[in-house]
Structures are given as structure tokens and as C-alpha cells.
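Each remark here refers to the structure printed beneath this line.
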Amino acid sequence: MNIALIGYGKMGHAIEQTALKRGHNIVQRITSANKHEMNDANLKLADVAIEFTNPAAAKDNVLQCLQAGVSVVCGTTGWNDGLVEAARIAKETGRAFLHASNFSVGVNIFFEVNKLLASLMNGCTDYNVSIEETHHTQKKDAPSGTGITLAEQIIKELGHKNHWTLNDLNDEDGIPIIAHRVENVPGTHKVTYSSSIDDIDIIHTAHNREGFALGAVLAAEYINGKTGVFSMRDVLFGNK
């Protein structure tokens, strides 16, 4: 498979190494320095583009790839207002689009555990739920897309919570997401249900970027040749 990397920072380099190990070719590496090379002719050399840039650039990058006839895997978070349009363009162009707040296989298993635990805790109003996340200082959005995904999953299951907050522990109807930014931390997420009697914690700790890179390449392999809008749940669990 031929892959275009849109964004060639630390994640882009990690994705490149994983893709090469799995027998794929990198046909384009786009950074802010050579953005002019991201044109239809060059994009069409790729079967799938993998986009990891920043929230301000992601929407335009994704739409440009799709309109050039190239399916896209996108790991940039913080541009949720553009996801509906990206999904629409993917369907109109007959290409595939997969966006995820986190590509780690372990995190996506963690998402499934989070949903199950939240469903079990529905009605247990003696427990107050909170989310704590720690990311590297280069992380541009807070809370992270992963933290928001965890919160939204819980909100769907708990009848007494209807929104999330950032670093606010005093909103009784909200789920607080406490966001820390620390040097050289790939990412840690903890969900806590706390009562006067006990606490229930689930936690995921990333040791490096390799898990995220592998998930992104698995996603690219999955959507190659497909049409429509997909998720990491499709990649990892199919119809389960």
C-alpha cells in the first residue's frame, strides 16, 4: 500500500517506521515547509493518507485528500465541528474516512471497558465520576480527544451526568476532566468512580508512541479500497 503522511512530526516518523515494517511505501511526507507539494497529482500517488497535524489545519487537509480521491485516516483532534463535512465529502467522492481520538489498540479496548463500567454504574449515584489525563506538553488541545471520548461514553450511560467540564470539580451535573501536561509523557488516562466507601479506577498508560502508530497503520490497511465512514471499533472489533 502507498501511504501519504500529512504531518511528519514525532507521530509521523513513528507511523513511517511501523508502515515500512509492515511492507508499505511512503510516497509523500508533508510538513509546513513543503505544504506546496500537497497537490492532487502527488496525493493521487497514495492509496491512503494518514493525517496527524493540528486542529487549525486538519479540516482543510482531510477535505483536500478526499477531493483528490484519496481515502484518509485522521488522528488530529480538536476539530469536531468539521467531522460531519468530512464524512459527507467521503461519501460523495466514494472514498473512506476514519477519524479517531486515539489509535492505540490498548486505548480502544479501554474505551470498551469504560462503556461497560459506566453501564454498570448507572443508578449508583453515591459514586462521583471523574477523568484525569496526563499528556506531553506539545499536546495542543485540552482536554484531549481521548478524554472527551471517555466522558461522552460515560454521559451516554449515566442518567445523572449530562456534560463534561475542564478542571472544574464543583459542577454536580458534569464530569470533570482534569488535564495535566508534562514533558515526555505519551499519555495516561484514568477514570475514577469515588464514594465515601471506596473508589473504582480504570487506567490506561502508554509507554511510547508505537501503539498509536500501529493503530493508525492498521486503520489505513482496513479502509484501503473501502467506501464510507469508519471508526477504530470497526478496525479492531468488526461487528462485535
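Miscellaneous remarks
- Selection count, the range 68-106, where residues are in a helix (DSSP H, G or I), closer than 18 Å to Thr188 by Cα and hydrophobic (A, V, I, L, M, F, W, C): 1
- Cβ-Cβ distances below 9 Å connect the following pairs, each with a first residue in the range 184-212 that is over 20 Å from Gln153 (Cα atoms), a second residue that is assigned to a strand (DSSP E or B) and polar (S, T, N, Q), and a separation of six or more residues or different chains: Val185/Thr134; Pro186/Thr205; Ser195/Asn128; Ala206/Thr188.
- Total residues in the range 133-165, condition outside any strand (DSSP E or B) and either of a type in the set (D, E, K, R) or modelled with pLDDT of 95 or more (or both): 12
- Condition broken by Ser130, with the remaining ones in (1) more than 22 Å from Pro55 (Cα to Cα); (2) assigned to a loop (DSSP other than H, G, I, E, B); (3) among the small types (Gly, Ala, Ser); (4) in contact with a strand residue (DSSP E or B) (Cβ under 8 Å, 6 or more places away or on another chain) satisfied: (2)
- The single condition from (1) assigned by TED's automatic domain parsing to the domain that holds Met11; (2) in contact with a Lys or Arg (Cβ under 9 Å, 6 or more places away or on another chain) that Ile154 fails is (1).
- Considering (1) crowded, with 22+ Cβ neighbours inside 10 Å; (2) aromatic (Phe, Trp, Tyr); (3) in contact with a strand residue (DSSP E or B) (Cβ under 7 Å, 6 or more places away or on another chain); (4) within 25 Å of Thr205 (Cβ to Cβ), the lone condition that Phe97 does not fulfil carries the number (4).
- Checked against (1) modelled with pLDDT under 95; (2) farther than 20 Å from Ser104 by Cβ; (3) buried (at least 24 other Cβ atoms within 10 Å of the Cβ), Thr76 passes all but a single condition, namely (2).
- For Gln64, the conditions (1) surrounded by fewer than 22 Cβ atoms within 10 Å (Cβ to Cβ); (2) in a strand (DSSP E or B) are fulfilled apart from (2).
- Only listed residue being modelled with pLDDT under 95, under 18 Å from the mean Cα position of the chain (by Cα) and farther than 30 Å from Leu169 by Cα, chosen from Gly238, Gly187, Gly215: Gly238
The values are calculated or read from the model by the stated rules, or taken from the named source; none is laboratory data. Owing to the predicted nature of the structure, the values given are computational and were not obtained by experimental measurement. Please note: Cβ atoms are built from the backbone with ideal geometry, for glycine as well, and neighbour counts cover all protein chains shown.
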